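Visitor: Structure below; questions to follow.
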Amino acid sequence: MEQNQGDVNDIESEGMVYEENELQRNGSSFSEKSLNGGMIREPLLVKSRRTNTTSQIAIVGANVCPIESLDYEIIENYLFKQDWRSRKKVQIYQYVVLKWTFALLIGLSTGLVGFFNNLAVENVAGFKLLLTSNLMLHEKYYQAFAAYAGCNLVLAIVAAALCAYIAPAAAGSGIPEVKAYLNWCGCSFYFGSKYPLCKVAAGFVVGKEGPMVHTGACIANLLGQGGSRKYHLTWKWLRYFKNDRDRRDLITCGAAAGVAAAFRAPVGGVLFALEEVASWWRSALLWRTFFTTAVVAVVLRSLIEFCESGKCGLFGKGGIFGSFYNYLVDKVLRTYSIINERGPRFKIFLVVAISLLTSCCSYGLPWLVKCTPCPTGLEVECPGTGHSGNYKSFQCPPGYYNDLASLLLNTNDDVIRNLFSTGTKYEFHLSTLLICFVVIFCLGIVTYGIAIPSGLFIPVILAGASYGRLVGTLLGSFSDLDVGLFALLGAASFLGGTMRMTVSLCVILLELTNDLLILPLLMLVLLISKTVADCFNKGVYDQIVKMKGLPYMEAHAEPYMRHLVASDVVSGPLIAFSSVEKVGNIVHALKLTNHHGFPVIDEPPFSDVPELCGLALRSHLLVLLKGKIFTKQRELSGSEILQRFHAFDFAKAGSGKGLKLEDLEINEEETELYVDLHPITNTSPYAVVETMSLAKAAVLFRELGLRHMCVVPKTPGRPPIVGILTRHDFMPEHVLGLHPHLNPHM
């Protein structure tokens, strides 16, 4: 947790010493007292005892876990400076080459995963639909439904069991978690395995783009771990990536690669990462992300061309509605959370219920519509006898097809092709399009949130395309536009109203259709739908991030923050160390708190007056204590530490495998010794004066991607640090809890 976590209210000691004086400020005291002949140091915030009581945990995937910010800031301590000065030009070139190599590996891996995912889905779903079709051709309708529903049920149970018992983080989309991670919200459960095969092939009205984005991020995270000590795979050349900054860049590339693999839209993937998930961007990252998505596009194009020869089985042959969709998804997710809290069995039961509902709708509703005669002069077979196509035979006699079965009893990709098809104005009846719209709209809402990997793009595209084609059919006598174009514009309006993205969606749809002439209409529809939907609620991913309790920092400050200054939200207790501190004091503070950063104060005889030396991280303190370079007297020993340790000894471990307090073996004798904190102290932490506007501090905190922001006094003669601001201090719950008189809307 952060320095100001506030969950340990019994800390009355561990601060810094002042000789024979006591400083007061706004009820905060800083004094030295004697207790049983020993020295006890009180924190700055004692009388006010203002604590941060906001939630420090969130739901990640399907787990509740503590949330900590990531360390994007460069820790400029003596060890880092010594390492940077000693680096040769060859090592710098090696570091740059490795970045591009990892981008290449992420693109190759994500492209292969996307291809094999599509390959498996097409073959499994194709087998299921062929089996159902063959049984219906022999008029074995009950057996056909049993086979169809049975296949869906088995695949659904497999996916639910994997998500409930093995990889809970695989449930859901994964995009909200990736978005929060790139907003430097850290949690060890973010990147579990994903199982998109069972999710898509089970016939659910969900998409693959969410799991593919999460899969790309998982691949990038694994590559960015810097090796594995557990499996003896720690190579010296991977040590450069043992930090959150490089992992952030790699995961951004992975998220973009996931979109590129899902839609075969490399430029759209880059813009998706820029517009939706990334909170921090720079030109060098743009080039690497574009290179990664280009590799994905090349891999997919090459493998798909190979499969067109038949060697891969069956593979290769509006705004108000959008905001209403988000509102319903929010309510359904809150309801499902109550069921999912009861345990894995209830999660699987919910998946089974939704699977049976989906199977009944897909197989049962086509019986309600009449058979339609096949159009003349077709280049394709009608009725179709395969697993896909525009003209499903279903129960119809030769020469007729069931238009609703062509939309409901089909793979998602084929349904989108059918709805977007041009020159087929009379292929689907108005009643068919209306039923299809209502069913997909409702099933998409009730399916998202169950314990399976699921994306929202495909359900929204399907619902929007059905709605657009319905409107196009109604306006057929008043407009010369093709109904297929209306379907595309309807999908764009739904996507804009649900996702609240404009540029990336526009490019993704252009790359999907390969028709540049529709660009002006797409831009207009997306802008209108986003503007209208913004009047009602936030985008769906923003709503899910908030629902999960992830402390996401927006790019702008809340209006009421302009009425406050930085010191108004500082909470405690604040624990600081002297630059040469007693080992027992450090161990005591680490044991009783989960704070991550501790101010280090230089005081006489190491400085003329008490002054802020910098900030020491908890992980660095643990490594230093593990090395046991202690002195009996309170004296500097930094030179010995610099000789003994290397900067990479303090590099961040992967996936929560770092050193813990329990790993230390400090005996009672050693607790009376001293340790010099100068070598590991970040001597240039970001600091703001206590009178700075809270709104300006929030924007600065977010733009720089900070974990700690020191608040220093405005006037001399006071303690050198007032407090530390972290992500949780900028959360509305904490600010409005301290100042309930503020109006959150002004």
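Visitor: Could you please report the charge total around Gly484, scoring K, R as +1 and D, E as -1 over all other residues with beta-carbon less than 14 angstrom from its beta-carbon?
Guide: Once all neighbours under 14 Å are counted, the net charge is -1.
Visitor: Once you order the gyration tensor axes a ≥ b ≥ c over the Cα atoms, which shape class does region 421-476 get: rounded for a/c under 1.5, otherwise prolate or oblate by comparing a/b with b/c? Show your work: numbers first, answer last.
Guide: On the way: a/c = 3.26, a/b = 2.38, b/c = 1.37.
The shape class here is prolate.
Visitor: Next up: Of the peptides 206-217, 635-646, how do they stack up when ordered by the mean number of other Cβ atoms within 10 Å, highest first? Intermediate values should be presented prior to the final figure.
Guide: Working: 206-217: 30.5, 635-646: 14.8.
The packing order, highest mean first, is 206-217, 635-646.
Visitor: Here is a follow-up. Amide H neighbours of Ser69 under 5 Å, counting only residues 5+ apart in sequence or on other chains, H built in-plane at 1.01 Å?
Guide: The answer is Gly186.
Visitor: By per-residue mean of other Cβ atoms within 10 Å, what is the highest-first order of 692-701, 447-456?
Guide: Ranked by mean Cβ neighbours within 10 Å, highest first: 447-456, 692-701.
Visitor: Running Debye on region 92-307 with equal point scatterers at the Cα sites and no solvent, what base-10 log of I(q)/I(0) appears at q = 0.15 Å⁻¹?
Guide: Log10 I(q)/I(0), no solvent term: -0.94.
Visitor: Going down the table (Lys140/Lys425; Lys81/Lys242; Lys242/Lys591; Lys392/Lys530; Lys242/Lys632), which pairs top 24 Å between alpha carbons?
Guide: Lys140/Lys425; Lys242/Lys591; Lys392/Lys530; Lys242/Lys632
Visitor: Taking amide H positions as placed 1.01 Å from N in the peptide plane, with prolines and chain starts having none, which residues 5 or more places from Cys613, or on another chain, fall under 5 Å of its amide H?
Guide: Close amide H contacts, sequence-distant or interchain: Val600, Ile601, Asp602.
Visitor: Right, another one. Can you work out the Karplus-derived ³J(HN,Hα) for every residue in region 342-349? Use 6.51 cos²θ - 1.76 cosθ + 1.60 with θ = phi - 60°, whole Hz, and x for glycine or proline.
Guide: Listing the rounded values in order: 6, x, x, 4, 5, 4, 5, 4 Hz.
Visitor: Using a simple spin-label model with points 7 Å from Cα along the Cα→Cβ vector, what separation in nm is obtained for Ala653 and Arg342?
Guide: 3.9 nm
Visitor: For Cα pairs less than 8 Å apart in space and 6+ apart in sequence, what is the mean separation divided by the residue count of region 92-307, i.e. the relative contact order in percent?
Guide: The normalised contact order for region 92-307 reaches 27 percent.
Visitor: Can you list residues from other chains, or at least 5 along the same chain, whose modelled amide H is less than 5 Å from the amide H of Leu574?
Guide: Hits under the 5 Å cutoff: Leu44, Leu45.
Visitor: Report the per residue volume, in Å³, of the convex hull enclosing the C-alpha atoms of region 319-547.
Guide: Taking only Cα atoms, region 319-547 has a hull volume of 130 Å³ per residue.
Visitor: What's the center-to-center distance, using Cα atoms, between region 624-654 and region 560-610 in Å?
Guide: Taking the Cα centre of region 560-610 as reference, the centre of region 624-654 is 20 Å away.
Visitor: Per-residue counts of other Cβ atoms within 10 Å, averaged by peptide: what ranking do you get for 603-611, 153-161, highest first?
Guide: 153-161, 603-611
Visitor: Further question on the same structure: Quick one: which of Lys208/Lys548; Lys179/Lys347; Lys89/Lys628 span more than 29 angstrom between C-alpha atoms?
Guide: Lys89/Lys628
No lab work stands behind these numbers, since they all come straight from the coordinates. All figures in this text were calculated on a predicted structure; none of them were measured in a lab. All Cβ positions, glycine included, derive from the backbone under ideal geometry; neighbour counts span all protein chains shown.
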